[in-house]
Amino acid sequence: MENMTEYYEWIFSGVGATIVGVIFTYFLIERKKKNNKIKTSSKISNGNITINTNVNAVSRVRESFKEINNKENNKLKDITKILFVDDKHTDFQIVSILKKQGWKNTKSIKDIINLDDPKVKESDIIFVDINGVGSNLFKDEGLGLASALKNKYNEKKIILYSADNKGDRFHKALREVDGCLSKDAEPFQFSNLIENLLG
Amino acid sequence: MNHFKITDNLESSISDNLESDCLNCYNSCDTLGGVIDCCPIYKNKRRQGKILNSKGVTFLCCEKTKTTKLFKSKLEALSYAYYDLVIPREQIISEVKKSEQKKVNRLVHNLTSINAHNIQEIYNLIPQEILSSNWRNQIEYIQKELDNDKYKASMVFLRIAKHNIHMKSEFSIYRKLDRDDNADLEFTVYPFRVVLLNVLHTFFGDFTSKNIYVQVSDFYGKILIDYETIQVALYHLLENSAKYSKPDTNILIDFKDNDKTIVMSIQMISLHIPENERERILLEGVSGVTAKKIGKQGDGIGMWRIKQMIELNNGKFEIKCGDGIENFRGIPFSENTFNIELLKN
C-alpha cells in the first residue's frame, strides 16, 4: 500500500512537472506576457499538487485508521500476559510463535506447585496441559489444576489443552474453564481464541 | 445400578463392573443375600450375595430387589447363565475388535501414506545419504541447497504444510467420527475467510501447476464452528477442486452474509456431473463416472465427508451442478458451484 502511494505520488508529480514543463515551453514559444503565464502555470501545478495532497490525505487517513487499529491490537498484545503450563514446554514452539505474532508477554513453566506463584498471579490467560502437570497438588492432574485456578482466580481466562482427547469428558473442569484446545491446533487457533477471550 | 463379579474356578475374573469401593463388600460378603446398610458409593441400603457353584463364584449387588428370595433367584440365574454366555461374549468382543481395528487400520494406512509423502519431499530436496554421511556439516549443506533452489524449497515447504493439514484432518475424522465417545466438538467463533485461506494457501502449487487462478472476495464475517471438522471439509473440497477443475480457468470464492448464516460459494469450471449422479455423489463410496474414466477418482469419500462434516457443524452443503457442457480434451466440464452455509453464532 505504501509503495502504491509513493508510486502514485511519483506519477502525479511526474505528470505535474511535465504539464508545467509543456505549458511553460508552450508559453515561452508563444512569447506572450511572461509573468502572467508563469502565474497560470504555477496555478496548474498547484492544482496537481493539490490532487497529490488529496491522495496523500486519503491514504494518510487510511494509514492512521490502520495505525489506530494496529495500535489497539498492539497495546492488547503488549499488556496481555499469557502463561503456558506444560511439562514438555521446551519441546513445543507455541510460545515462540505467539511472541512472533506480537504477544510479547508469553511465558511457559513446567508445572505449578503453588497457586500463589507470581507467574500465575500476573498472568491474564493461562493454558494448562491436561497430562503431566499439577500431579503434586491434584489427583486429576491438569484438570484439577485448571479447576483450582479458575476457582481461585475467576477473572483469569483458563484454557485446557492436550494432545489426548480430554480424558474424563464429564470432569467439572471442562465446564468451568474458558476454552479447550487440542495441542495440535494451529497457531491461528491459539491467537483466535486469545483474541476472542479478550474481545 | 447393579454391580457384579464373576470368576471361574481358577479365580480369574471373567467379567465384572465393580468399582474400587466395592472391593470391601466383595471380600466380606459370605451370604446368598443380605442387606448392607450404607453402600460407600450410593450411600444407601443395598442387597448383595455371593454364590459358589461348580464353575466358579458369582457376586451380585442390587439396589431394588425387595426380598431375599427374589434376590437369590436372580443371583442363581446369573451364576447359571453366565458361563454359557461366554461363547457369544467372546464372539461379540472379537467383532467389536474387528470393527475398531478396521477404523484404526484406515487411520494408520492414511497417515502412513501422507507421512511417506513428507519423507520423500524432505529427502527429495536434500538427499538423505549426503546428510547422513556429512552429518557434522549438514546444516551448512542444507543452507547451501536451500539457497540454490529457493523456489523448489518454498514449494516443498508448502506441500509439507498441506500434508500436515491432511494428517490433521485424518486425526479429526478418527477423533470426532470414528470413536465411540465422539461429538467431541469445540465450537468457537472464527473469521470465515481466514479459516478458508489457512487451507487454501497450501494448495498454491496444485492450482498454479494447472494455471488456475483462485480469486477470494474480501469478507470479514465470522462463523461459529468446530475448526477441525470444518478444516476437514475445506481440505477435501479444495483437494477435489484442484483435481477436477479445468486447467487455465478461474475459481471464484465469494461470501454472502445472511441474517443468521454465512454462505461461502466456490464457483469453478470442473468435471460435469450428470443428472443421475447428482444425488448419489454425496453418498459414501461413490465416485463420479467421469472421474473414474479419467482415472482420477479417489475412494469416493470426499463429497460424502464434506457433507458429513458441514452437517456436524449445523451447516448445509449444496452443489449446484451446471447443465451446459464444454469439452476439453474429450473431458466434459461444466460450471459448478459448491455452497457451504454455516451459522454465525
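Here, each number is a calculation from the coordinates, and none is a lab measurement. Computed from a prediction, not measured in an experiment: that's the story for all the values here. We place every Cβ from the backbone using ideal geometry, glycine too, and count neighbours over all the protein chains shown.
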> So what J values fall out for the range B:233-240 if you push phi through Karplus, 6.51 cos²θ - 1.76 cosθ + 1.60 with θ = phi - 60°, rounded to Hz, Gly and Pro as x?
Replying inline: 4, 5, 4, 5, 5, 6, 4, 5
>> I'd like the Karplus ³J(HN,Hα) series for the range B:83-96: coefficients 6.51, -1.76, 1.60, θ = phi - 60°, whole numbers in Hz, and an x wherever there's a Gly or Pro.
In response: 5, 7, 7, 4, 5, x, 4, 4, 4, 4, 4, 5, 5, 4
> Computed from the mean reciprocal separation of all distinct C-alpha pairs, what Kirkwood hydrodynamic radius does the range B:3-95 have, in Å?
Replying inline: 13.7
> If you plug each phi of the range A:185-190 into the Karplus form 6.51 cos²θ - 1.76 cosθ + 1.60 with θ = phi - 60°, what whole-Hz ³J(HN,Hα) values come out, in order, with x for Gly and Pro?
Replying inline: 5, 7, x, 4, 5, 5
> What order do you get for B:Met309, B:Met155, B:Met268 when you list them from fewest to most C-beta neighbours inside 10 Å?
Replying inline: B:Met155, B:Met268, B:Met309
> Taking neighbour Cβ counts within 10 Å as the exposure measure, how do B:Asp218, B:Asp149, A:Asp129 sort from fewest upward?
Replying inline: B:Asp218, B:Asp149, A:Asp129
> So what's the gap between the Cα centers of the range B:222-270 and the range B:124-151, to the nearest angstrom?
Replying inline: 38
> Along each of its three principal axes, how wide is the spread of alpha-carbon positions in chain B, in whole angstrom units, largest first?
Replying inline: 83, 61, 40
>> Using only the Cα atoms of the range A:80-198, what are the Rg and Dmax in Å?
In response: 12.8, 36
>> Strictly over 27 Å apart at the Cα level, which of A:Lys172/B:Lys316; A:Lys77/B:Lys307; B:Lys102/B:Lys176; B:Lys5/B:Lys64 would you flag in this model?
In response: A:Lys172/B:Lys316; A:Lys77/B:Lys307
> Given the pairs A:Lys183/B:Lys97; A:Lys100/A:Lys183; A:Lys71/A:Lys100, which are separated by over 22 angstrom at their Cα positions?
Replying inline: A:Lys183/B:Lys97
>> Using only the alpha-carbon atoms, how far is helix B:138-148 inclined from the longest principal axis of chain B? Give it as 0 to 90 degrees, nearest 10.
In response: 40
> Could you put B:Ser287, B:Ser15 in order, starting from the residue whose Cβ has the fewest other Cβ atoms within 10 Å?
Replying inline: B:Ser15, B:Ser287
